[in-house]
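Written out below as structure tokens is the structure these notes cover.
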Amino acid sequence: MLLISCPNCGSRDETEFHYGGQAHVPYPEDPAALDDRQWAEFLFYRDNTKGAFAERWLHSTGCRQWFNLLRDTVTYEIQAVYPMGAARPDRAAAAPESGTASTAPDSTTTGTAAPDISGTSTAPATSAGTTAPEGASK
Amino acid sequence: MADLLPEHPDFLWHNPDPQKSYDAVIVGGGGHGLATAYFLAKNHGMTNIAVLEKGWLAGGNMARNTTIIRSNYLWDESAAIYEHALKLWEILPEELEYDFLFSQRGVMNLAHTLGDVRESMRRVGANKLNGVDAEWLDPQQVKELCPILNISDNIRYPVMGATYQPRAGIAKHDHVAWAFARKCDELGVDIIQNCEVTGFLKDGNRVVGVKTNRGTISTEKVGLCAAGHSSVLAEMAGFRLPIQSHPLQALVSELHEPVHPTVVMSNHVHVYVSQAHKGELVMGAGVDSYNGYGQRGSFHVIEHQMAAAVELFPIFARAHVLRTWGGIVDTTLDASPIIGTTPVDNMFVNCGWGTGGFKGTPAAGLTFAHTIATGTPHDLNKPFALERFETGALIDEHGAAAVAH
């Protein structure tokens, strides 16, 4: 049983949460422009990292808010909790992620950044929406 | 006390050092890798081949599954490949000259809701049209076949009937691996344990070798049979797979007198139970929700499946959990496997079997060997190509396959 630190509610059992898979996969900015391969990437292809993995969780029986975890998929250790829209804490310290300057928010946000109310994030969130999509729409 | 210990039985395979070069290398020495090597040697005359296993032979999911074999899948493509597998299971003990205790004791898939009943009857019809043995049982017939099942209506999800496949059953999983390994060894295949692949050598877009912790091996062709670690290997080779690896747990009780004559699966309350030849009750259920490579999961998943088992089988209430364990299953979004070519020339992949790979072992081996040897898929695995995620020709066996994956 994972013990997950919800940014709003504190530590709760895993059974209160739902898993949302890989984080930082934005909806394509121009879906009609994608070819079949790119559309398949968006729909069906996700990173399957062995090691530190950024993923979304929903506190479905608590505050019903989405947030992100950085979790090791081998040890299952939770390394960071951070808000939707914020950059991955283990990469935020480095230069901004290369690649696109997408302004698309994560697909599950409403377009506005969740406030950084998490005291557990290892790095402060930068402005939302500047996170480069990870592994998506290559 | 002074008596000598009995002689060690003959080893079933050798442990050769890797050669510098092979005609083909199979990565992964589980059931699928061994079956692939066997059919490469037997059907295609390719005997200068090696199976590389990073741990010990058949120590991954082949050692961790609940050994259920059935072919009652909904869609034509699935019914064809799983039924072919079942037909191979029926002849393999003789062909491999090894009695691995394949027991066709039948598999029952329970229905607990009106939706279940309709889906089950539809699947029975589809199975019959595809030549798969299937029948619909009412609760009384369920009780006759499996007297320890609780069919009363005072439980949360009463049994409203079941589908039944009489030719389905279980086999002794480790013996299956040993049977394939022995035959591979006899045919000249090198089975190399403790040999972990660390990278691939490519000439342009063509794979020409495998880097391992025991040296570099050049090869014409590479077949990946690494289940939960398929994505890790694909990344080394420079392509992606639409796979998510999840922990899947199972458990056994202590040994009991034979009480459970068949295999019972319930999608709705979600547990599947059989009784192994030795007498343990063997149970499994669904995957843990999160991605994981840890070969272990969360306890609430075990608790949930045991609650379901005790409601269906009140007699199990006083049994004890002897052992629980987890494997890493490679799930796809349409709950069907991927068997075919990859974006890298001369590299082939067999993965995505998710929670149901054991039953498919012989057909995976047969079709994957054909694909590797000829460079083109067998008719049975043509629909299971990686390209289906781009064309949209998915084979959606979620739920339709009689168990939630």
Open item on the list: With the structure loaded, tell me whether B:G279 is in contact with a Leu (Cβ under 6 Å, 6 or more places away or on another chain) and farther than 17 Å from B:N150 by Cβ or whether it fails that test.
Closed with: yes
TODO: Note down all Cβ pairs under 6 Å where the first residue falls in the stretch B:75-95 and is within 10 Å of B:G360 (Cα to Cα), the second is of a type in the set (G, A, S), and they're at least six residues apart or on different chains.
DONE: B:I81/B:A363; B:Y82/B:S71; B:E83/B:S71; B:H84/B:A363; B:A85/B:G360; B:A85/B:A363; B:L86/B:S71
Open item on the list: Being buried (at least 20 other Cβ atoms within 10 Å of the Cβ), in contact with a strand residue (DSSP E or B) (Cβ under 9 Å, 6 or more places away or on another chain), closer than 21 Å to B:A37 by Cα and not aliphatic (A, V, I, L, M) is the requirement here; does B:C225 meet it?
Closed with: yes
- [ ] Identify, by number, the condition in (1) surrounded by fewer than 20 Cβ atoms within 10 Å (Cβ to Cβ); (2) within 14 Å of chain A (Cβ to nearest Cβ) that B:D288 doesn't meet.
- [x] (1)
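With the structure loaded, tell me whether B:C184 is surrounded by 23 or more Cβ atoms within 10 Å (Cβ to Cβ) and assigned to a loop (DSSP other than H, G, I, E, B) or whether it fails that test.
Numbers: surrounded by 23 or more Cβ atoms within 10 Å (Cβ to Cβ): yes; assigned to a loop (DSSP other than H, G, I, E, B): no.
Spelling it out, it is not the case that B:C184 is surrounded by 23 or more Cβ atoms within 10 Å (Cβ to Cβ) and assigned to a loop (DSSP other than H, G, I, E, B).
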- [ ] Scan the stretch A:5-47 for residues that are more than 9 Å from chain B (Cβ to nearest Cβ), buried (at least 18 other Cβ atoms within 10 Å of the Cβ) and touching a His at 6+ places or on another chain (Cβ under 8 Å) and jot them down.
- [x] A:C6
TODO: Could you tell me which numbered condition B:C195 fails, if it satisfies all but one of (1) of a type outside the set (S, T, N, Q); (2) under 24 Å from B:F348 (Cβ atoms); (3) part of a loop (DSSP other than H, G, I, E, B); (4) free of Cβ contacts under 8 Å to residues at least 60 places away in the same chain?
DONE: (4)
Open item on the list: Considering only the stretch B:375-391, I want to know if a residue exists there that is within 30 Å of B:Y164 (Cβ to Cβ), buried (at least 23 other Cβ atoms within 10 Å of the Cβ), out of contact with any Gly (no Cβ under 9 Å at 6 or more places or on another chain) and not β-branched (V, I, T).
Closed with: no
Task: Qualifying residue in the stretch A:48-66 (condition: facing chain B (nearest Cβ under 9 Å), within 27 Å of B:Y293 (Cβ to Cβ) and hydrophobic (A, V, I, L, M, F, W, C)) - done: yes
Open item on the list: So in the stretch B:291-304, with the set limited to residues that are assigned to a helix (DSSP H, G or I) and at the interface with chain A (Cβ under 7 Å from one of its Cβ atoms), which one is farthest from B:H270 (Cα to Cα)?
Closed with: B:F299
Task: Positions within the stretch B:351-365 being more than 20 Å from B:N267 (Cβ to Cβ) and touching a Leu at 6+ places or on another chain (Cβ under 7 Å), in sequence order - done: B:C351, B:P362, B:A363
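Conditions tested, residue by residue: (1) within 14 Å of chain A (Cβ to nearest Cβ); (2) in a helix (DSSP H, G or I); (3) over 22 Å from the mean Cα position of the chain (by Cα); (4) buried (at least 23 other Cβ atoms within 10 Å of the Cβ).
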| position | (1), (2), (3), (4) |
| --- | --- |
| B:V232 | yes, yes, no, no |
| B:F239 | yes, no, yes, no |
| B:H246 | yes, no, no, yes |
| B:L251 | no, no, no, no |
| B:P258 | no, no, yes, no |
| B:V264 | no, no, no, yes |
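Considering each of B:E77, B:E97 in turn, give the residue that is at negative phi and not β-branched (V, I, T).
Values: B:E97 fails: at negative phi.
That would be B:E77, the only listed residue that is at negative phi and not β-branched (V, I, T).
Coordinate-derived values only; no laboratory data. Please read these numbers as outputs of a predicted model, since none were measured by experiment. Every residue, glycine among them, receives a Cβ derived from its backbone with ideal geometry; neighbour counts consider all protein chains shown.
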